[in-house]
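**Q** The structure's right below; bear with me while I get my questions together.
The values are calculated or read from the model by the stated rules, or taken from the named source; none is laboratory data. Being a predicted model, the structure only gives us computed values, none of them experimental. All Cβ positions, glycine included, derive from the backbone under ideal geometry; neighbour counts span all protein chains shown. Just the protein is used for accessible areas: all its heavy atoms, side chains included, with ligands, DNA and RNA removed. Shrake-Rupley method; radii C 1.70, N 1.55, O 1.52, S 1.80 Å.
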Amino acid sequence: LAKTTQPISMDSYEGQEVNITCSHNNIATNDYITWYQQFPSQGPRFIIQGYKTKVTNEVASLFIPADRKSSTLSLPRVSLSDTAVYYCLVGDKQTGGFKTIFGAGTRLFVKA
Amino acid sequence: GAGVSQSPSNKVTEKGKDVELRCDPISGHTALYWYRQRLGQGLEFLIYFQGNSAPDKSGLPSDRFSAERTGESVSTLTIQRTQQEDSAVYLCASSFGGGYRLSLETQYFGPGTRLLVL
């Protein structure tokens with residue numbers, strides 16, 4: 001299973017764009033990249049998933065370069081309520097990617 | 001519709017006692033997962049159920065841990081002879097479980113059971 005590396009923590013201010021980069025140098029051909037968000041005292045919540053190039057939904061954008069060895073989660077105009085832990089996962093269903101450890105994630109703290 | 005529910009929400013027990021944690025997945029979801037999350041840490045995979053297939057128990061930390069699932073519904077995680085290091089939040093998630101795409105399915109998590117072993 002591909003290993004991921006993320007910054008431990010990040011600080012930002014309300015209204016700013018936040019970019020969290022995840023490194024996954026050993027990503028396999030079939031692997032997808034998935035991001036989850038976890039608020040205190042809650043279970044993680046799916047944010048976005050992609051395979052290559054760019055994916056955008058109502059919450060975030062995911063940028064994946066051609067070599068797919070990293071990916072960047074972009075949160076536009078963050079608010080205080082975006083303070084959470086963000087997890088990057090890499091894997092595919094066939095190889096049991098769901099067993100990918102959610103790691104320690106990136107703790108984002110948004111300040112007023 | 002109802003999401004994943006877990007009970008109890010909090011459990012305090014004494015070292016050496018057995019505990020049973022319950023998970024009710026989203027109706028129609030054939031895949032169910034259990035994770036453990038220690039304070040300030042990421043999620044640790046414990047066990048995975050998919051339909052009628054044999055569960056993937058590769059994440060269970062010891063033989064004191066076991067889990068069962070009745071068909072495609074309720075699951076229970078049992079911890080026997082609890083130890084203080086078992087104190088954590090136990091999270092359950094479910095997903096659709098079908099489809100042929102290799103992409104990881106969206107997992108829907110419950111609120112967790114906070115276990116404290118004294």
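**Q** Computed over the Cα atoms of the range A:9-111, what is the ratio Rg over Rh, Rh following Kirkwood?
**A** Taking Rh as the inverse mean 1/r over Cα pairs, Rg/Rh reads 0.96.
**Q** Determine the dipole magnitude for the range A:9-111: charges of +1 sit on the beta-carbon of Lys and Arg, -1 on that of Asp and Glu, nothing else is charged, the reference point is the Cα centre, and the result goes in debye to the nearest 20. Before the final figure, lay out each step's value.
**A** Details: 10 positive and 8 negative charges, 41 e Å.
So the magnitude is around 200 debye.
**Q** Would you work out which of A:Val110, B:Cys92, B:Ser27 lies farthest towards the positive end of the dipole of the protein assembly as shown, given +1 charges on the beta-carbon of Lys and Arg and -1 on that of Asp and Glu, about the Cα centre?
**A** Toward the positive end, the furthest listed residue is A:Val110.
**Q** Then there is this: Comparing the chain by itself with all protein chains present, which residues of the range B:78-118 are at least 30 Å² less accessible (probe 1.4 Å)?
**A** B:Arg101, B:Leu102, B:Ser103, B:Leu104, B:Thr106, B:Gln107, B:Phe109, B:Arg114
**Q** Projecting each Cα onto the charge dipole of chain B (Lys/Arg +1, Asp/Glu -1 at the beta carbon, about the Cα centre), which of B:Val12, B:Phe45, B:Pro111 comes out farthest on the positive side?
**A** Result: B:Val12.
**Q** For the range B:51-106, state the semi-axes of the equivalent ellipsoid (square roots of 5 times the eigenvalues of the alpha-carbon gyration tensor), sorted largest first and rounded to whole angstrom.
**A** Values: eigenvalues 131, 35, 23 Å².
Computed over the range B:51-106, the values are 26, 13, 11 Å.
**Q** Restricting to Cα atoms and excluding each atom paired with itself, what does the Kirkwood estimate give for the range A:31-88 in Å? Intermediate values should be presented prior to the final figure.
**A** Values: mean 1/r = 0.0837 Å⁻¹.
The answer is 11.9 Å.
**Q** If I compute solvent accessible area with a 1.4 Å probe over the protein chains, what percent of it on the protein assembly as shown is carbon and sulfur?
**A** C and S atoms contribute 50 percent here.
**Q** Still on this structure, I have one more. With a 1.4 Å probe and all protein chains left in place, how much accessible area per residue does chain A have, in Å²?
**A** Details: 5530 Å² over 112 residues.
Computed with neighbouring chains in place, this is 49 Å² per residue.
**Q** What average count of beta carbons from other chains do you get within 10 Å of the Cβ of residues in A:36-45? Walk me through the intermediate numbers first.
**A** On the way: counts 4, 0, 5, 0, 0, 5, 6, 16, 9, 4.
Mean number of neighbouring Cβ atoms from other chains: 5.
**Q** Once you charge only the Cβ atoms, +1 for Lys and Arg and -1 for Asp and Glu, what is the size of the charge dipole of the protein assembly as shown about its Cα centre, to the nearest 20 debye?
**A** 220
**Q** Given q = 0.17 Å⁻¹, what are the Debye log10 I(q)/I(0) values for chain B, with equal point scatterers placed on the Cα positions and solvent ignored?
**A** Cα-only, vacuum Debye calculation for chain B: -0.79.
**Q** Grab every C-alpha pair in the protein assembly as shown, bin the distances at 5 angstrom width from 0 up to the longest one, and report whole percents.
**A** Here the calculated profile for the protein assembly as shown is 1, 7, 14, 18, 18, 16, 12, 8, 4, 1, 0.
**Q** In debye, nearest 20, what is the charge dipole magnitude of the range B:5-112 about its Cα centre with +1 on Lys and Arg Cβ and -1 on Asp and Glu Cβ, if you could check?
**A** On the way: 11 positive and 12 negative charges, 28 e Å.
Its charge dipole is roughly 140 debye.
**Q** Can you tell me which lysines have their Cα less than 23 Å from the Cα of A:Lys52? Leave out same-chain residues fewer than eight positions away.
**A** Leaving aside lysines fewer than 8 places away in the same chain, those within reach of A:Lys52 are A:Lys3, A:Lys69, A:Lys93, A:Lys99.
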